[in-house]
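K.L.:
After the structure tokens below, expect a handful of questions from me.
None of the figures in this text is laboratory data; all of them are computed from the coordinates on show. Quantities reported herein were computed from a predicted structural model and do not represent experimental measurements. Glycine also receives a Cβ, built like all others from the backbone with ideal geometry; neighbour counts cover every protein chain displayed.
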There are 2 protein chains.
Amino acid sequence: MAAEREAASALQELEVEAIEMFINFLRLIGLPKSVGEIYGLLFVAPRPMAMDDIMERLGISLGAASQGLKLLRSFGAVRVVYERGERRDHYVADLELSRFATVFIKDELQPRMDTAAERIKRMERALAELPAKERKATRERIERLKHWLDKGRKLLPWLIRFMKL
Amino acid sequence: MAAEREAASALQELEVEAIEMFINFLRLIGLPKSVGEIYGLLFVAPRPMAMDDIMERLGISLGAASQGLKLLRSFGAVRVVYERGERRDHYVADLELSRFATVFIKDELQPRMDTAAERIKRMERALAELPAKERKATRERIERLKHWLDKGRKLLPWLIRFMKL
DNA sequence: CATTTGCTTCATTTTTTCTTGAAACATCTG
DNA sequence: CAGATGTTTCAAGAAAAAATGAAGCAAATG
């Protein structure tokens, strides 16, 4: 049997599917593989798991496990549950998947839109210094950017609401 | 004056803002910096630009320019316009920003959802092999995944329509 | 209160992703 | 059709992102 499995019991098909699925989706919002692995494992885990169970099961390092859990905790995707008579922290997945979308919107999209809005303001000011010939066409393009930004901004709160069902 | 500017005229404030803005947004959908740069530059360019103008202006390599333009062309964000008496291809930005969203949805989101759907099917099948004790709780979790996937699938076409205004 | 156990942090290494530029190809021009 | 010009491709290098694991901290145990 392969070395990776010597200490850990092999992953079940169900676990593998869940893990790969979350790796894929979480990568989409910029989270590293190890974070997807951890969440996927916890999502189908029948019982709360301690950090070393997780490391062992996934074959990831101490650091990756610690940091991944920290991150997942930080946006409420994972919680610590205290297990009677257990010294180690035990983790469970919070099943509210909307969290990921919400965090992504608030941490990634929203800030970018804010700086984009500032940029557009600066661009409008810079417009004055353009040769008159180019000014009109460029103004139109900036208007278009504005339009899109506006659209995005209106969409976000709606999306958040939709996520929360 | 800095070496980067010896050959190319300096970027205008307006160009810088546009470039940084698009670098930021396009990175979000997984496109490399150079692609954001190129699109940003073309977005505010008053005239169609040839590949070497772009390279020079941005200080990027031949390869990056060629590949970036190829990619942008591939999803219609950039077009070649033939300029009378000019041998080199000249590029303009297509201003329809919805293209990026649409491409992202079709190339990234949709396929992931499809494989996720298959995974869920396999998970349901694997459920049978679980100890009876765990089966019920796990079934519920898989149901939840299904629910979310469904939600996502309904959202996508709606989003595409919204993008196209 | 010394020791063990669990966890976090972070400098280093590994892996992945992006960029570069030379070579090959293609097309135009005189 | 020979040279010049413009473009693509891709192997190698550079940069960025992620994972590792040892050092240090903190809390529990006996």
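K.L.:
What residue among B:Gln12, B:Gln67, B:Gln110 shows peak mean-square fluctuation when chain B is described by a Gaussian network model with Cα springs under 10 Å?
P.N.:
B:Gln12
K.L.:
Across peptide B:113-125, how many C-beta atoms of other chains are within 10 Å of each residue C-beta, on average?
P.N.:
3
K.L.:
Return the FRET efficiency for the residue pair B:Arg122, A:Gln110: r is the Cβ-Cβ distance, R0 is 56 Å, and the value is rounded to the nearest 0.05.
P.N.:
0.95
K.L.:
If you don't mind, there's one more thing I want to ask. Along the Cα→Cβ direction, 7 angstrom out, place labels at B:Ile160 and A:Arg88. What is the inter-label distance in nm?
P.N.:
It is 4.6 nm.
K.L.:
A follow-up question, please. Give the calculated FRET efficiency between B:Arg153 and B:Ser66 to the nearest 0.05, with a Förster radius of 41 Å applied to their Cβ-Cβ distance.
P.N.:
Result of the calculation: an efficiency of 0.65.
K.L.:
Once you average over the residues of B:15-25, how many Cβ atoms of partner chains fall within 10 Å of each Cβ?
P.N.:
The mean count of partner-chain Cβ atoms within 10 Å per residue comes to 5.
K.L.:
First select every other residue whose beta carbon is under 14 angstrom from the beta carbon of A:Gly30; then total the charges, Lys and Arg +1, Asp and Glu -1. Mind showing how you got there, number by number?
P.N.:
On the way: positive: A:Arg27, A:Lys33, A:Lys106, A:Arg112, B:Arg27; negative: A:Asp107, A:Glu108, B:Glu108.
That sum, taken over residues with Cβ under 14 Å, equals +2.
K.L.:
Taking 25 Å as R0, compute the FRET efficiency from the Cβ-Cβ separation of A:Val81 and B:Arg135 and round it to 0.05. Don't skip to the end; give the middle numbers.
P.N.:
Details: r = 21 Å, r/R0 = 0.86.
Approximately 0.70, to the nearest 0.05.
K.L.:
Taking all pairs of different Cα atoms in the stretch A:76-165, averaging 1/r and flipping that mean, what Kirkwood radius in angstroms comes out?
P.N.:
16.6 Å
K.L.:
Further, regarding this structure: Sorted from largest down, give the three principal axis spans of the alpha carbons of chain A, whole angstrom values.
P.N.:
Answer, in whole Å and largest first: 74, 34, 27 Å.
K.L.:
With an 8 Å cut-off on Cα pairs and a minimum separation of 6 or more residues, tell me the relative contact order of chain A in percent.
P.N.:
16 percent
K.L.:
Please find, in a Gaussian network model of chain B (springs between Cα atoms separated by less than 10 Å), the residue of B:Ala101, B:Ala132, B:Ala64 whose mean-square fluctuation is greatest.
P.N.:
Top of the fluctuation ranking is B:Ala132.
K.L.:
Among rounded, prolate and oblate, which fits the stretch A:76-129 when a ≥ b ≥ c are the square roots of the eigenvalues of its C-alpha gyration tensor, a/c under 1.5 means rounded, and a/b larger than b/c means prolate?
P.N.:
prolate
K.L.:
Continuing with this model, one more query. Just add up the charged neighbours of B:Arg161: K/R +1, D/E -1, any other residue whose Cβ is under 13 Å from the Cβ of B:Arg161.
P.N.:
So the environment of B:Arg161 carries a net charge of +3.
K.L.:
Additional query: Just the number: Rg to Rh for the stretch A:110-158, Cα atoms, Kirkwood Rh, two decimals.
P.N.:
Working: Rg = 12.4 Å, Rh = 11.5 Å.
Here the Rg-to-Rh quotient is 1.07.
K.L.:
Could you tell me which of rounded, prolate or oblate describes the protein assembly as shown, using a ≥ b ≥ c as the square roots of the eigenvalues of the alpha-carbon gyration tensor, with rounded for a/c under 1.5 and, failing that, prolate when a/b is larger than b/c and oblate otherwise?
P.N.:
Prolate is the answer for the protein assembly as shown, as a/c is 1.5 or above and a/b outweighs b/c.
K.L.:
Continuing with the same structure: Is it possible to state the helix-based mean residue ellipticity at 222 nm for the protein assembly as shown, with each DSSP H run of 4+ residues giving -39500 (n - 2.57), the sum divided by total residues, to the nearest 500 deg cm²/dmol? What is it?
P.N.:
The helix-only estimate for the protein assembly as shown comes to -21000 deg cm²/dmol at 222 nm.
K.L.:
Mind counting lysine pairs for me in the stretch A:55-142? Cα separation below 26 Å, and the two need to be 8 or more apart along the chain or on different chains.
P.N.:
Here the count comes out as 4.
K.L.:
Oh, and also: Within a Cβ distance under 14 Å of B:Ala126, other residues only, what is the Lys/Arg minus Asp/Glu net charge? Could the numbers behind the result be given before it?
P.N.:
Numbers: positive: B:Arg119, B:Lys121, B:Arg122, B:Arg125, B:Arg135, B:Arg139, B:Arg141; negative: A:Glu13, A:Glu15, A:Glu17, A:Glu20, B:Glu118, B:Glu124, B:Glu129, B:Glu134.
Summing Lys and Arg as +1 and Asp and Glu as -1 gives -1.
K.L.:
Taking a ≥ b ≥ c as the square roots of the eigenvalues of the Cα gyration tensor of the stretch B:12-68, is the shape rounded (a/c under 1.5), prolate (a/b larger than b/c) or oblate?
P.N.:
oblate
K.L.:
Just counting partner chain Cβ atoms within 10 Å, what average do the residues of peptide B:149-156 show around their Cβ? Spell out each step's value before the answer.
P.N.:
Values: counts 3, 0, 5, 4, 0, 1, 3, 0.
If you average over the peptide's residues, the count of other-chain Cβ atoms is 2.
K.L.:
Top mean-square fluctuation among A:Met49, A:Met21, A:Met123, Gaussian network model of chain A, C-alpha springs under 10 Å?
P.N.:
Comparing A:Met49, A:Met21, A:Met123 in the GNM, the peak value goes to A:Met123.
K.L.:
Just to check, using Stokes-Einstein with a Kirkwood Rh over alpha carbon pairs, what's the diffusion coefficient of the stretch A:50-111 at 4 °C and 1.567 mPa s in µm²/s?
P.N.:
Diffusion coefficient, whole number: 101 µm²/s.
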